[in-house]
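Scroll down for the structure; my scribbles are underneath it.
The values are calculated or read from the model by the stated rules, or taken from the named source; none is laboratory data. Quantities reported herein were computed from a predicted structural model and do not represent experimental measurements. Note: ideal-geometry Cβ built from the backbone for every residue, glycine included; neighbour counts use all protein chains shown.
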2 protein chains.
Amino acid sequence: MSEIPMPTGANDDPGSATGHPDYRDGVVDLLGVVAYGELAAFGRLAEDAASAPTLPDQVMTAAMATRQFQHFERVRDHLWTFDVDVMDAMEPFHRAFDTYHAQAKAKSWLEALVSTFVGDGFAADFYREIAAYVDPATRELVLSVLTDERETDYIVGRVRQAIADEPAVGGRLALWGRRLVGEALTQAQRVAADRPALTGLLSGSVDRPGLDLAAIGRMLTRLVENHTLRMERLGLNS
Amino acid sequence: MSEIPMPTGANDDPGSATGHPDYRDGVVDLLGVVAYGELAAFGRLAEDAASAPTLPDQVMTAAMATRQFQHFERVRDHLWTFDVDVMDAMEPFHRAFDTYHAQAKAKSWLEALVSTFVGDGFAADFYREIAAYVDPATRELVLSVLTDERETDYIVGRVRQAIADEPAVGGRLALWGRRLVGEALTQAQRVAADRPALTGLLSGSVDRPGLDLAAIGRMLTRLVENHTLRMERLGLNS
């Protein structure tokens, strides 16, 4: 069902009801997605820090990059409880994230801030949605790598100030936000089609309670609604 | 004596015998150097991570960048005990570090590894040398931001492997190491000339025990000797 080879002699049950191999495949995929997402976000934020307009902006962005890498390390350590090397778990998801970041390459400091805000917010919502369908140890991990509110406050402040200084910026950034979500949904659909174990984990077809297809549809609706609220918080129409 | 304005109403004594304003000027300069050094190292390592040849190399380099930024945060927090904003403390040292990094811009992944090894090693030696001349809380901080041995082991392994694969690489990297130290000493001399409070802290002219000029000469000799040992550890002639 999954291309990830299951390690032999693995510890059977790092959480409750996690022994089923399909569950393990699905949760390893999920952790691989999260790990590579954090690593890719580190890379993008570190690049943004280098082009920050002021030294305080550089420090704030470097701090965000550092937080992402610390999250990556936590996910990597958790994957060891499944006897899986994070490198193997991330492998199937390079292409989707690298394509996303290439297609959604920010051309200005403000676009970079909006990318971080939109991407982190979307990821956090997704983590909260799926937390109910994973074993307790994985749930605790997933909830612990949610975005820090202090960071989003910083971004909201910077973006709103830029729009106040030059209102035309708002229209351009709103367009940018729509493009980001479009590209994210495109990549998410590809991943879902390629990774049946991951889709199975969410849709409840792996001998555990999960979402049915209608519920997945409702989840996507909630994700997009929350994105709209986030754009409004930045002062942008979505 | 120093361009850094002393904050009014500052807490008088964050350590023992730290009340003397010349000492404070010197130690704030020292912490500013360390902070900007860590921040600049974060930037360089983050850039190196983006061009790493393999995903494990990328992760290892991103981990080193993250450690540097965590050190930066610790120094920033310690500066608050002197009522000094890290941004103000770093300001006099941008130019020296930025010039160093511009002059010593690695053109390959291996050069980048050698830069990290040489730069971190040099910094760690310098921190150990000066630890005796600062107040206990600052000493503890300075010793806590020394390089992690696991990271240097990783670099030693990668560089030695590259030389084993292609011996000509050794000669080029040895040249590179010499250039790094030459540029570092040039910048250090500029900083010493510009910042009398910092030089005073080390030379004992600020009402605290310090090094005399002959002792500073011996310290520089030790720093260069240790650099030679580090290059040998990489398998390079210095």
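Summary of computed values
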quantity	calculated
Residue in segment A:45-73 that is farthest from A:Gly157 (Cα to Cα), counting only those that are in contact (Cβ under 8 Å) with a residue 60 or more places away in the chain and touching a helix residue (DSSP H, G or I) at 6+ places or on another chain (Cβ under 6 Å)	A:His71
Segment A:18-36 - residue that is away from chain B (no Cβ under 14 Å) and small (Gly, Ala, Ser) and, of those, farthest from A:Val84 (Cα to Cα)	A:Gly19
Filtered residues of segment B:99-118 (kept if surrounded by fewer than 16 Cβ atoms within 10 Å (Cβ to Cβ) and either touching a helix residue (DSSP H, G or I) at 6+ places or on another chain (Cβ under 7 Å) or of a type in the set (Val, Ile, Thr) (or both))	B:Thr99, B:Gln103
Filter result for A:Ala123 (out of contact with any His (no Cβ under 6 Å at 6 or more places or on another chain), of a type in the set (Gly, Ala, Ser) and at pLDDT 85 or above)	yes
Spans of helices (runs of 4 or more DSSP H) in segment A:104-209 with at least 3 residues among the hydroxyl-bearing types (Ser, Thr, Tyr) and in contact (Cβ under 8 Å) with a residue 60 or more places away in the chain	A:109-130
Candidate set from segment B:38-96 (those that are of a type in the set (Val, Ile, Thr) and not in a helix (DSSP H, G or I)); member that is nearest to the other protein chains (Cβ to nearest Cβ)	B:Thr54
Every residue from segment A:175-202 that is buried (at least 18 other Cβ atoms within 10 Å of the Cβ) and under 16 Å from A:Lys107 (Cα atoms)	A:Trp176, A:Gly177, A:Leu180
Number of positions in segment B:203-222 that are surrounded by 18 or more Cβ atoms within 10 Å (Cβ to Cβ) and at pLDDT 80 or above	0
Qualifying positions in segment A:159-174 - closer than 17 Å to A:Leu229 by Cα and among the aliphatic types (A, V, I, L, M)	A:Val159, A:Leu173, A:Ala174
Any chance B:Ser108 is farther than 30 Å from A:Phe93 by Cβ and away from chain A (no Cβ under 11 Å)	no
